[in-house]
Every structure is written in structure tokens, then in C-alpha cells.
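*Asks:* Pasting a structure below so you can have a look.
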Amino acid sequence: MLYRILTGRIEPIELAALLVALVAGITVHEFAHAAAATWLGDSLPRRQGRLSLSPAAHLDPMGSLMFLIGGFGWGKPVQYNPYALHASARTGPAIVAAAGPLSNILLATLVALIVRALSIGIDIFDLPSAIVGTLFYFLIFFIYYNLMLSFFNLIPVFPLDGFTILQGLLPLELADLLETTRPYGFFILLLLLFFGSSILAPILFFPINALMYILVGFGL
């Protein structure tokens, strides 16, 4: 990502959308984790100031920098007490984990409604094409990067949300087997990012583009 920025291989409108999408997407994502844990009965996220839509409460400087350098990064993890959740020991954490990726899909869907409205406005009200076109593509990239954030986090490798979600869905024996991969999760993730493009491509880009077609009528 940094290489694209330094060499000018990313359009200014895409770079602006990326930065806004990261700030908004990570903020909404982490807030959703905090809100889910609070809804299930844990007061820790509220006491730590995480039940907030302020980016300052959720952005991690190093994680944000890594998004720009390597194309992946992180926000401040939301801490919660799994024993305080009004749900089973596996279901509660799975719900909290799922809230993050789902919030990014919801955010993308809401912005897609604006894109659809803009498309109608261009045809009916003859809106200025240059201004509306710039806003249109900004929002398209915003949607795309939020979907990327969502589906990337659904990969079932620790410390991503997909790991905890899958643990809550699997039979106990298989969940215990998945748990044995936890200590190696970060290294597995690095291997996938740098050497597993053929594995990640169908996991990420197929569902992202499929959802883009549903939301705005075309993919990237």
C-alpha cells in the first residue's frame, strides 16, 4: 500500500476514501464489539470508554500505520469479561466477535443507499456530473474498503474475529482442535498475507465483489 502511495499508483480519490474508510470502519467495528459485549451484560467496555463512536477511543497508531504500509492493520482491541456475558462461554464471545464484521457490512450498505440515490439524482435532477462523479467514486471505494475490513476479519485465524466466531459454531471437539492453533495464529496470518494470495483471493475478493454487485451493481 505504501509503495502505491509513494509511486503515485493510487488515485487521490481512492487514497482519500481509504483513509476515511479506515477511520470510520475501525471506529464502527470496535464500537460494535463494545456494544455487543455491553448488550450481553458486561460493563467493562463502557467503563473503559469503548462504548463511543469517537475515533480516538478505537484507533491504534501502529495498527493504522500498518494499514498504510502493508495493507493490513488493527484497532485497539475491545476488552471484555466473557464470564460476565449473559450467554454461554462460547456463544457470548462469538456474538461479540461477529458484531465487528457485521457492523462494517451494515456501514457499507448504508453508504450504498447514498450511492443509489446519487445515481437516481444524476438521471432525474441533472446534477453536476463532475462533483457528483467524484463523490460517487469516493463512496464506492469507501464501501469496498469497509467490505474488505469485514471479510478480512472473518478469516478464522487468531487474532481475527473469524477465529472466535468459528469456535462458537463448531462442535466442542473441533473447537478445541481449532484452539490449538491460537499460539501460531499471528504467524499463520503472516504466511497467508505474504505467500497465500491464491488462498486469500477466493476468501476475500469473491464475496466482496459479489456483495458489491448486490449493493451498487458492479464490482472493483
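The values are calculated or read from the model by the stated rules, or taken from the named source; none is laboratory data. Please read all numbers here as calculations on a predicted model, not as lab measurements. FYI the Cβ positions are ideal-geometry reconstructions off the backbone, even for glycines, and counts take in every protein chain you see.
*Asks:* Applying the selection to the stretch 35-52, what residues are crowded, with 16+ Cβ neighbours inside 10 Å and either small (Gly, Ala, Ser) or in contact with a Pro (Cβ under 7 Å, 6 or more places away or on another chain) (or both)?
*Replies:* Ala35, Ala36, Ala37, Thr38, Leu51, Ser52 - these are the residues of the stretch 35-52 that are crowded, with 16+ Cβ neighbours inside 10 Å and either small (Gly, Ala, Ser) or in contact with a Pro (Cβ under 7 Å, 6 or more places away or on another chain) (or both).
*Asks:* Looking only at the stretch 65-119, which residues are among the polar types (S, T, N, Q) and either surrounded by 21 or more Cβ atoms within 10 Å (Cβ to Cβ) or out of contact with any Lys or Arg (no Cβ under 9 Å at 6 or more places or on another chain) (or both)? Steps first, please.
*Replies:* To start, the set of residues in the stretch 65-119 that are among the polar types (S, T, N, Q) comprises 79, 81, 88, 91, 103-104, 109, 119.
Scanning the stretch 65-119 gives Asn81, Ser88, Thr91, Ser103, Asn104, Thr109, Ser119.
*Asks:* Another question about this same structure. Does Leu18 qualify as being surrounded by 16 or more Cβ atoms within 10 Å (Cβ to Cβ) and at pLDDT below 95?
*Replies:* Against the criterion (surrounded by 16 or more Cβ atoms within 10 Å (Cβ to Cβ) and at pLDDT below 95), Leu18 qualifies.
*Asks:* Taking the stretch 150-185 on its own, how many of its residues are closer than 27 Å to Ala24 by Cβ and of a type in the set (S, T, N, Q)?
*Replies:* Of the residues in the stretch 150-185, 3 are closer than 27 Å to Ala24 by Cβ and of a type in the set (S, T, N, Q).
*Asks:* Can you say whether Leu204 is without any contact (Cβ under 8 Å) to a residue 12 or more places away in the chain and either at positive phi or assigned to a helix (DSSP H, G or I) (or both), as far as the supplied structure shows?
*Replies:* Criteria not met by Leu204.
*Asks:* Yes or no: the stretch 165-182 includes at least one residue that is more than 18 Å from the chain's Cα centre (by Cα), without any contact (Cβ under 8 Å) to a residue 24 or more places away in the chain and farther than 23 Å from Ala87 by Cβ.
*Replies:* yes
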